[in-house]
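J.: Sharing a structure, written as structure tokens. Questions coming.
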Amino acid sequence: MNQEIKPRIDSIRFYYGKTRSAPKTGDRRVTKKHGMQIRIPVKHNGAFVTNSRGKFTFRWKTIQQVYGTYWHYLLTQDEIKAHEEKYHLTKKIS
């Protein structure tokens, strides 16, 4: 009567997580044709554009397109400085 008591497993749960994080405003990518780009939500008449499920619509914009707009805060200081030097937007004091 010395039988071992084995645990009984009724069910096993598997949890599948996302392999990468969801894209967000301000994400960056580099393409061969356009170089560095930043992900920006689309605005029309002051309101954000959404699809039928209520998700925001996004576009990829270059640093030149983002500079001086509402989304300027997404640029780093290095990107702003490089853009200003490239397009001669800084005033040199002589």
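The values are calculated or read from the model by the stated rules, or taken from the named source; none is laboratory data. Since this is a predicted model, take the numbers as computed values, not measurements. With ideal geometry, Cβ positions are generated from the backbone for all residues, glycine too; neighbour counts draw on all protein chains shown.
J.: Of all the residues that make up the stretch 1-41, how many are more than 23 Å from THR76 (Cβ to Cβ) and of a type outside the set (Ser, Thr, Tyr)?
T.: 15
J.: Okay, next question. Are any residues in the stretch 55-77 surrounded by 13 or more Cβ atoms within 10 Å (Cβ to Cβ) and either in contact with a Cys (Cβ under 9 Å, 6 or more places away or on another chain) or charged (D, E, K, R) (or both), and if so, which ones?
T.: Result: LYS61, single match.
J.: If you don't mind, another one. Which condition number in (1) in a loop (DSSP other than H, G, I, E, B); (2) modelled with pLDDT of 90 or more is the one that GLN64 fails?
T.: (1)
J.: Restricting the first residue to the stretch 83-94 and requiring it to be modelled with pLDDT of 80 or more and surrounded by 10 or more Cβ atoms within 10 Å (Cβ to Cβ), which pairs with a second residue that is of a type in the set (Val, Ile, Thr) and outside any loop (DSSP other than H, G, I, E, B) meet a Cβ separation below 6 Å and a spacing of at least six or different chains?
T.: HIS83/ILE63
J.: I'm told HIS83 meets every condition in (1) in a loop (DSSP other than H, G, I, E, B); (2) under 25 Å from LYS33 (Cα atoms); (3) not hydrophobic (A, V, I, L, M, F, W, C) except one. Can you identify the failing condition by its number?
T.: (1)
J.: Of all the residues that make up the stretch 25-54, how many are among the basic types (Lys, Arg), surrounded by 10 or more Cβ atoms within 10 Å (Cβ to Cβ) and over 17 Å from THR69 (Cβ atoms)?
T.: 1
J.: So PRO7 clears everything in (1) outside any strand (DSSP E or B); (2) surrounded by 10 or more Cβ atoms within 10 Å (Cβ to Cβ) except one condition, right? Which one?
T.: For PRO7, the failing item is (2).
J.: Of everything in the stretch 27-49, what is part of a strand (DSSP E or B), under 13 Å from ARG59 (Cβ atoms) and under 13 Å from the mean Cα position of the chain (by Cα)? Give them in sequence order.
T.: Scanning the stretch 27-49 gives ARG29, GLN37, ILE38, ARG39, ILE40, PRO41.
J.: State all residues of the stretch 2-25 that are among the hydroxyl-bearing types (Ser, Thr, Tyr) and within 30 Å of TRP60 (Cα to Cα); if no residue qualifies, say none.
T.: TYR16, THR19, SER21, THR25 - these are the residues of the stretch 2-25 that are among the hydroxyl-bearing types (Ser, Thr, Tyr) and within 30 Å of TRP60 (Cα to Cα).
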